[in-house]
1. Which one of LEU282, LEU230, LEU277 is under 19 Å from the mean Cα position of the chain (by Cα), in a helix (DSSP H, G or I), hydrophobic (A, V, I, L, M, F, W, C) and at pLDDT below 90?
2. Picking from SER263, SER214, which residue would you name as being exposed (fewer than 15 other Cβ atoms within 10 Å of the Cβ), under 29 Å from LEU38 (Cα atoms) and over 15 Å from the mean Cα position of the chain (by Cα)?
3. So is SER125 crowded, with 22+ Cβ neighbours inside 10 Å and hydroxyl-bearing (Ser, Thr, Tyr) or not?
4. Select from the range 51-74 the residues that are surrounded by fewer than 13 Cβ atoms within 10 Å (Cβ to Cβ) and within 27 Å of PHE234 (Cβ to Cβ) and write down the one among them that is modelled with the highest pLDDT.
5. Can you work out which of the residues in the range 128-162 that are assigned to a strand (DSSP E or B) and crowded, with 16+ Cβ neighbours inside 10 Å is modelled with the lowest pLDDT?
6. Please enumerate the residues belonging to the range 185-226 that are of a type in the set (Val, Ile, Thr) and either touching a helix residue (DSSP H, G or I) at 6+ places or on another chain (Cβ under 6 Å) or in contact (Cβ under 8 Å) with a residue 24 or more places away in the chain (or both).
7. In a helix (DSSP H, G or I) and of a type in the set (Lys, Arg) - does that describe any residue in the range 182-204?
8. Of the conditions (1) assigned to a helix (DSSP H, G or I); (2) under 24 Å from LEU161 (Cβ atoms); (3) modelled with pLDDT under 95; (4) of a type outside the set (Lys, Arg), SER216 fails just one. Which one is it?
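The values are calculated or read from the model by the stated rules, or taken from the named source; none is laboratory data. Since the structure is predicted, the reported quantities are computational estimates derived from the model, not experimental observations. Neighbour counts are summed over all protein chains in view; Cβ atoms, including those assigned to glycine, are modelled from backbone coordinates with ideal geometry.
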Amino acid sequence: MIQPVPTALDRPNQSTTKPSATRPAARFQARNWMPADLRQWLWFIKQQALASTFPVYIFILLAGTRFVHIPGIPRYDLLLFLCLTAQAAFLFFRYETIREFKVIMAFHAIGLLLEIYKTRLGAWSYPGPSWFHIGNVPLYSGFMYASVASYICQAWRRLNLRLTDVPHWGLSCALAVAIYVNFFTEALFIDLRWLLIALVFLHFRKTWVTYGPSNSTFSLRMPIGLSLTLIGLFVWFAENFGTLCGAWRYPNQHHGWAVVHASKLGSWFLLVVIEFLIVARLKCRQVQSSR
């Protein structure tokens, strides 16, 4: 569970604000009239909302283009244009950094490659036409994966994430490669999904993620396994929303919408693990280069 770390913020007669504290941290610490637990959760909810900007934007697009059509422009190509426009705006207004943008586009490519392979096997399909596609996969589909990477990048920076008891990065990379390869081999050989999930929890059994405002002594922490599970769960909910909006279909949805099978929870959990490890490696290198 989320565990608050006791700090001096819980003692109202003591001030923990330093003269050099940044403005956001100062505002956070200035709310001493609010109960400590409420301050913590309000800050956490606000940062989570800001980190979710791109995924929420995609939800709005999926719902909007389900009912609003622009003559002469296929729905999937309109989604692609609007996603690219959003990324350009995020860079212009500095919502994203250049490095974060590169990670997001890398996951667009990783996801698109997986989409091309899976649709050829009939795992799911895209019912509408498009101009920009590879095989039967519209190019916008990669942004579904990229939006998860965007959330992780934003949450890492906004929540000031720190990892404790991090396993050896070489083993983590080997695990990520094994997970990605299994996505391609599970239909041809043995599906190792549940074994890989067990290995993930074993690998990160001692790892915790700590987060809180920068330049503040307040922090929360959570087991990394729980954090990855919650992200995977929300992605599964998002996938149900996407299929409800008709953005893509699974075989059991051709004659009417149905809930996405619960087995996809494991798939999304493993995909989130890959994205988290790549983002974590990027962020750790940034910290090392800044020293």
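1. Working: LEU230 fails: at pLDDT below 90; LEU277 fails: at pLDDT below 90.
None of the other options fit; the residue is LEU282.
2. Working: SER263 fails: under 29 Å from LEU38 (Cα atoms).
Just one listed residue meets the conditions, SER214.
3. Working: crowded, with 22+ Cβ neighbours inside 10 Å: no; hydroxyl-bearing (Ser, Thr, Tyr): yes.
Against the criterion (crowded, with 22+ Cβ neighbours inside 10 Å and hydroxyl-bearing (Ser, Thr, Tyr)), SER125 does not qualify.
4. ILE60
5. The first filter runs over the range 128-162 and keeps only residues assigned to a strand (DSSP E or B), leaving 133-134, 137-138, 162.
Keeping just the survivors that are crowded, with 16+ Cβ neighbours inside 10 Å gives 133, 137-138, 162.
Details: HIS133: 95, VAL137: 95, PRO138: 95, ARG162: 88.
Residue satisfying both the conditions and the ranking: ARG162.
6. Let us first name the residues in the range 185-226 that are of a type in the set (Val, Ile, Thr), namely 185, 190, 197, 200, 207, 209-210, 217, 224.
Answer for the range 185-226, where residues must be of a type in the set (Val, Ile, Thr) and either touching a helix residue (DSSP H, G or I) at 6+ places or on another chain (Cβ under 6 Å) or in contact (Cβ under 8 Å) with a residue 24 or more places away in the chain (or both): ILE197, VAL200, THR207, VAL209, THR210, THR217, ILE224.
7. Narrowing the range 182-204 to residues in a helix (DSSP H, G or I): 182-185, 193-203.
If we keep only those that are of a type in the set (Lys, Arg) as well, we get 193.
Yes: the range 182-204 contains one or more residues that are in a helix (DSSP H, G or I) and of a type in the set (Lys, Arg).
8. Tallying (1) assigned to a helix (DSSP H, G or I); (2) under 24 Å from LEU161 (Cβ atoms); (3) modelled with pLDDT under 95; (4) of a type outside the set (Lys, Arg), SER216 fails exactly one: (1).
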